[in-house]
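Taking it in order: structure first as structure tokens, then the write-up.
The values are calculated or read from the model by the stated rules, or taken from the named source; none is laboratory data. None of these values were measured; they are calculated from a predicted model. Ideal geometry is used to build each Cβ from the backbone, glycine not excepted, and the neighbour counts take in all protein chains shown. Just the protein is used for accessible areas: all its heavy atoms, side chains included, with ligands, DNA and RNA removed. Shrake-Rupley method; radii C 1.70, N 1.55, O 1.52, S 1.80 Å.
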Amino acid sequence: MDEFIDVSENNNEEQEFSILERYGEDLTKKTYVTNPAIARDEEIKSLMLVLLTPDKSAVLTGKAGIGKTAIVEGLAYKIQNNDVPDALKDYTIIDIATSSLLGESVSDGERDSRIQLLVQEVIKKDKVILFIDEIHTLMGAGAKTGSSLDFANILKPALARGNVKLIGATTSEEYERYMLRDRAFIRRFEKIEIEEPDIPTTVKIMMGTYPKMEKKTGVKINYTHYIIERIFTFLVEMTSEYKRLYEISSRYPDISLALLQKIFSYAVFDNEKEVKMKHVWLGIKNCNSIYPDTLQKEIIRFKSEFEDLLKEEQVLTN
């Protein structure tokens, strides 16, 4: 005789699952080794002011690689540390990808689009802010053939009533190309233009970020603060705007951080526990994000500026 299996409990669990928990990441519960938004206090302040405005959400725009997501994480970090106005304390910021909201899920025995279930869940919950990177992908996403009911249109009523608070991020080009088509949607948002940081600010960001790379890789930079700052300043200067390859879309701080990550990778490859000048040299020599003729000039400058350390550590730079 076949064994009887009661699946009603499992069905109930399936019906009552949380879209936020299944498809989102709570940035306010994330472990941050360092402040993820160093030197971005003014941008975070602007973001908080928008979120404190009734019936308004925020959209961060700017070039790729300038740290829009880091600013949102910076706000989450401040919420963790109670370093926000009282009205924003105890809020959670949920990072959710548009792609995860495609399709349908069963709720109370009925099939609904995930975006509709998400809106319903956020309305029921208290103090939730959604973060959607690449927010321009909402435009047209999830719409069935012949229907104009896309994700953006589903969100409009809840945004208009202030039932849902949302932070979006996109590039300036994609904002103008896709989002400006829907004036009713963008009226729900206050646009915050994020500028590319300058060289001194980018150096500060790198100085505050490298401990996170140390923790991830298990590799340390055991130089003095002064020498580390010298190295980072060089990396930032060699990846300045007019030295970057035209096809490279990344900007400060990402382009400089990517070069630093490559330097850490050389140390990991060598099974070393410390980043040495030979790894810095390899990272610079093999940098593929700036023009080749510019790279040759930077190599000459590097050999000159760090001649003492290169000799001390017997680094071959031929």
Restricting to Cα pairs under 8 Å and 6 or more apart, the percent relative contact order of segment 206-318 works out to 29
Evaluate E = 1/(1 + (r/R0)^6) for Gln314 and Ala97, where r is the Cβ-Cβ distance and R0 equals 45 Å; express this FRET efficiency to the nearest 0.05.
0.40
What does the charge count around Tyr291 come to, taking other residues whose C-beta lies under 15 Å from its C-beta (Lys +1, Arg +1, Asp -1, Glu -1)?
0
Using Cα pairs under 8 angstrom and six or more residues apart, how large is the relative contact order of segment 137-290, in percent?
19
Using R₀ = 30 Å, calculate the FRET efficiency as 1/(1 + (r/R₀)^6) where r is the Cβ-Cβ separation of Gln80 and Ser240; round to 0.05.
0.30
Given Cα pairs under 8 Å that are at least 6 residues apart, what percent is the relative contact order of the chain?
20
For Lys220 and Glu272 in the same chain, what is the full-extension length gain: residue separation times 0.36 nm, less their Cα-Cα distance, in nm?
17.8 nm
Prolate/oblate/rounded call for segment 193-318, Cα gyration tensor, a/c under 1.5 rounded:
oblate
Shape verdict for segment 45-91, please, from the Cα gyration tensor: rounded (a/c under 1.5), prolate (a/b greater than b/c) or oblate.
oblate
If each residue of separation counts as 0.36 nm, what is the full-extension length gain between Arg187 and Thr34 once their alpha-carbon separation is subtracted?
51.6 nm
Would you tally the net charge around Val219, using a Cβ to Cβ cut-off of less than 15 Å, leaving Val219 out, and scoring K and R as +1, D and E as -1?
+4
Sort 91-102, 299-310 by the packing proxy (mean of other Cβ within 10 Å over each peptide's residues), most packed first.
91-102, 299-310
For Tyr291 and Glu229, FRET efficiency with R0 = 30 Å and r from the beta-carbon atoms, rounded to 0.05?
0.70
11 Å beta-carbon shell around Lys78, net charge (K/R +1, D/E -1)
0
Given a 1.4 Å probe, how much area per residue of the chain is accessible, in Å²?
54
If we sort 18-27, 119-128 on the protection proxy, mean other Cβ atoms within 10 Å, highest first, what's the order?
18-27, 119-128
Over the heavy atoms of His136, what accessible area does a 1.4 Å probe trace out, to the nearest 10 Å²?
20
